[in-house]
1. Quick check: is even one residue across region 25-38 in contact with a helix residue (DSSP H, G or I) (Cβ under 8 Å, 6 or more places away or on another chain) and part of a loop (DSSP other than H, G, I, E, B)?
2. Are any of the residues in region 3-19 surrounded by 11 or more Cβ atoms within 10 Å (Cβ to Cβ), in contact with a Ser or Thr (Cβ under 8 Å, 6 or more places away or on another chain) and in a helix (DSSP H, G or I)?
3. Considering only region 20-43, state which residues are surrounded by 12 or more Cβ atoms within 10 Å (Cβ to Cβ) and within 10 Å of the chain's Cα centre (by Cα).
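Read the figures in this text as sums done on the coordinates, not as results from a lab. In this text the structure is predicted, and so the values were computed from the model without any measurement. Heads up, the Cβs are rebuilt from the backbone with ideal geometry, glycines too, and the neighbour counts pull from every protein chain shown.
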Amino acid sequence: MHLNVRFSTEAELKQTLDFLYVKSKEGISFTGLIEAMVNEVTIVTAIHNIKSNKGSKTVA
């Protein structure tokens, strides 16, 4: 199944990730994941997650 990268907010990204989780549990594989990884929303969300992790030793 090809993943269409059509999210522009963190909430839409979360919905996409939830969809990927459910479908992958059903054994469905995906293409188009690289496009999702390099999406600006994905990168900004990852940075937010890293910076909010107070238990890490990541310099903020």
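1. Yes, the conditions are met somewhere in region 25-38.
2. The answer is yes, given that some residue of region 3-19 is surrounded by 11 or more Cβ atoms within 10 Å (Cβ to Cβ), in contact with a Ser or Thr (Cβ under 8 Å, 6 or more places away or on another chain) and in a helix (DSSP H, G or I).
3. Leu20, Leu33, Ala36, Asn39, Val41, Thr42
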